[in-house]
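Have a look at the structure below before the remarks.
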């Protein structure tokens, strides 16, 4: 018995050179490249070019064309179902594969009213869970640019009081599982501080040294160094009021402010004791008339703190400013001059821990003449005094228990 391959059998069956509508023939399990060659040479009679990736395509073609079918329409439709397209340029058919567009997902709406967190916080926290890998983004991607709003997926609200999400049913189910883990009550701390101005001289040393001397032998503490402040002291005493009573016994320590703030983790708390001073701003022109703007700047004692709360530590970013306005002696005489002392730092504390900070110092030198004016100058005396004012901050943080 002699075996004949399928391509050979097909070639024998379609040996005629003319195939019009009404042809009846079959192809059974023929590779893509062989089937295309047979169909275009023996049925369609057109020049063609086959893309290289299809030459190695291992898929098999099987179909039957009945006499009432249009051969070209039938063949191109069959190939199109296999993601193979036929394009004609200058009488030549180009046969290549293509990637079909992804089907539009079935999207549903989900509305959620937050319990503790803002909609903006939830959107920022959850947006990474629904990115391009899952087909959902907070903002429309390039592939979504031509879609209508109903076809886009993601968070539809940001600044409102209700979270609106549009996504697939699977993504909505995932969001429902994650939301209770994210929409939890934010951690809070109570910040208690005493801000002292310390008057010292060259013999007394710095305000920080005086504070350490007062604490020595009375409390257990440890020294450290931090960003912004030259050094600091940490204590584990249960009450900051005990330190307040201790510093009150020394006349060189005077309380400038005693802020008490309750701050949410990640937010900013600000304590301001002073005045808003008007300062001349820019000049604009309206109908050829000059209009002088006036800006108001805060001065006095400004204490700002921003906590970041974790299970074991409380990281504080602290900004302390003591300022006042003085008459301008040169430059823009119509505007006062801002004189300020300011420092920023970041420290880490445990719950209930107390820290003593220092670093805002100001030196003043004064000269004085003593004697009678009617006596010669050689009989008078001269004295020189160097004084320094230093700012010392005592601060305690406590977690607010829910």
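Values in this text are rule-based calculations from the coordinates and carry no lab data. A quick note: this is a predicted structure, and the numbers were derived from the prediction, not measured. With ideal geometry, Cβ positions are generated from the backbone for all residues, glycine too; neighbour counts draw on all protein chains shown.
Under a point spin-label approximation (7 Å from Cα along Cα-to-Cβ), what is the residue 255-residue 267 distance to one decimal in nm?
Taking the simple label geometry, residue 255 and residue 267 are separated by 2.6 nm.
Determine which residues of the stretch 245-278 fall in the zone a paramagnetic label at residue 326 would reach in this model, i.e. backbone nitrogen under 19 Å from the point 7 Å along Cα→Cβ.
275, 277-278
Modelling each spin label as a point 7 Å along the Cα-to-Cβ direction, I'd like the residue 220/residue 94 distance in nm, to one decimal.
8.2
Residue 283 to residue 106: FRET efficiency via 1/(1 + (r/R0)^6), r the Cβ-Cβ distance, R0 60 Å, to the nearest 0.05?
0.50
For the residue pair residue 319 and residue 172, what label-to-label distance in nm results when each label sits 7 Å from Cα along the Cα-to-beta-carbon direction?
Taking the simple label geometry, residue 319 and residue 172 are separated by 4.4 nm.
Would you please put 193-200, 250-257 in order of how densely packed they are, using the mean number of other Cβ atoms within 10 angstrom per residue and starting with the highest?
By packing density, highest mean first, the sequence is 193-200, 250-257.
Using 0.36 nm times the number of residues separating residue 46 and residue 342, minus their current alpha carbon distance, what extension gain do you get?
Stretched out fully, the residue 46 to residue 342 stretch lengthens by 98.1 nm.
Please say if the stretch 75-129 is rounded, prolate or oblate, where rounded means a/c under 1.5 for a ≥ b ≥ c the square roots of the C-alpha gyration tensor eigenvalues, and otherwise the choice is prolate for a/b larger than b/c and oblate otherwise?
Numbers: a/c = 6.27, a/b = 3.89, b/c = 1.61.
Prolate.
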